[in-house]
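A quick write-up on the structure given underneath.
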Amino acid sequence: MGFPESLNRRWIFPVLLIAFLPGGLGAKSPFSSLSRRYSLSVEVGNWQPHSLNDEPRFNTFGAAGATPYFGVSFYIPVFQRIGLSVSSGYWSLKDVSRVESIHSLTLYPVTLCVKYWLISDDRLAAYASYGGGVYWGIENESEPFGRVWSLARGGWGIIVGAGFELGLTRWLGAGMNFEYRLTGFKEPLGGVDDFSGPKITAMFLVYF
């Protein structure tokens, strides 16, 4: 036996309302795609130039006192699958007194990358990135009588990378970023002019 016609009409409107309102059955998540949202991220990880692997005098996270790589990035969406990421960072080698008279090296990169989103969802997003930047390198030296002075040098670099982001809440996320940095200096910094190598970092993001 079917429902009375009056009951059928009574239930049609509520069912349609539930189906099409946000939060209804089968409704799309109210969160917008991660690739379409501005974000501010902090990253921590490791940058390992190959030239340092070849030099026994350097030992990452060891005798040379390499710090983790620290960075801050701001992402700006431009098109549906393309955006720009502006970043700055800090990386240093300390306690390298065995290398001539140099006791520390510090690099400050500022980079601009184009992000192309391969997967773009409200909870998971993966991308490839391409870009470059400038590097400000500081070499701190000590003289026999204890005087310390610094030399600053400029460098440049090209970046190719990939990564992913996970939306944890409406405003917070986490991810991983994998890059290869071709980085060089016109004049040697601590006896090394090529700081090319892989960089792997964990990211913590705030979405706007």
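The values are calculated or read from the model by the stated rules, or taken from the named source; none is laboratory data. The model shown is predicted, which means the values in this text are computed figures rather than measured ones. Reconstructed Cβ throughout: ideal geometry from the backbone, glycine too, with neighbour counts over all protein chains shown.
Just the residues that are hydrophobic (A, V, I, L, M, F, W, C) and at pLDDT 75 or above, please, taken from the stretch 40-75.
Narrowing the stretch 40-75 to residues hydrophobic (A, V, I, L, M, F, W, C): 40, 42, 44, 47, 52, 58, 61, 63-64, 66, 70, 72, 74.
If the condition is that a residue be hydrophobic (A, V, I, L, M, F, W, C) and at pLDDT 75 or above, then Leu40, Val42, Val44, Trp47, Phe70, Val72, Phe74 are the ones that fit.
As an exercise: evaluate Gly89 against (1) of a type outside the set (D, E, K, R); (2) crowded, with 16+ Cβ neighbours inside 10 Å; (3) modelled with pLDDT under 95; (4) within 24 Å of Ala152 (Cα to Cα) and give the number of the one condition it does not meet.
Among (1) of a type outside the set (D, E, K, R); (2) crowded, with 16+ Cβ neighbours inside 10 Å; (3) modelled with pLDDT under 95; (4) within 24 Å of Ala152 (Cα to Cα), the lone unmet condition for Gly89 is (3).
For the stretch 157-208, how many residues meet the condition of being within 26 Å of Ser39 (Cβ to Cβ) and more than 18 Å from the chain's Cα centre (by Cα)?
So the count comes out to 2.
Every residue, every condition in (1) touching a Lys or Arg at 6+ places or on another chain (Cβ under 7 Å); (2) over 16 Å from Asp121 (Cα atoms); (3) not hydroxyl-bearing (Ser, Thr, Tyr), yes or no:
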position	(1), (2), (3)
Gly163	no, no, yes
Phe178	no, yes, yes
Glu187	yes, yes, yes
Ala202	no, yes, yes
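Could you give me the residue pairs with C-beta distances under 6 Å whose first residue belongs to the stretch 150-174 and is under 30 Å from Gly137 (Cβ atoms), whose second residue is basic (Lys, Arg) wherever it lies, and which are 6+ apart or on separate chains?
So the pair list comes out as Gly157/Arg181; Ile159/Arg181.
What tally of residues in the stretch 97-123 results from selecting those that are touching a Phe, Trp or Tyr at 6+ places or on another chain (Cβ under 7 Å) and either modelled with pLDDT of 85 or more or closer than 22 Å to Gly190 by Cα (or both)?
Number of matching residues: 9.
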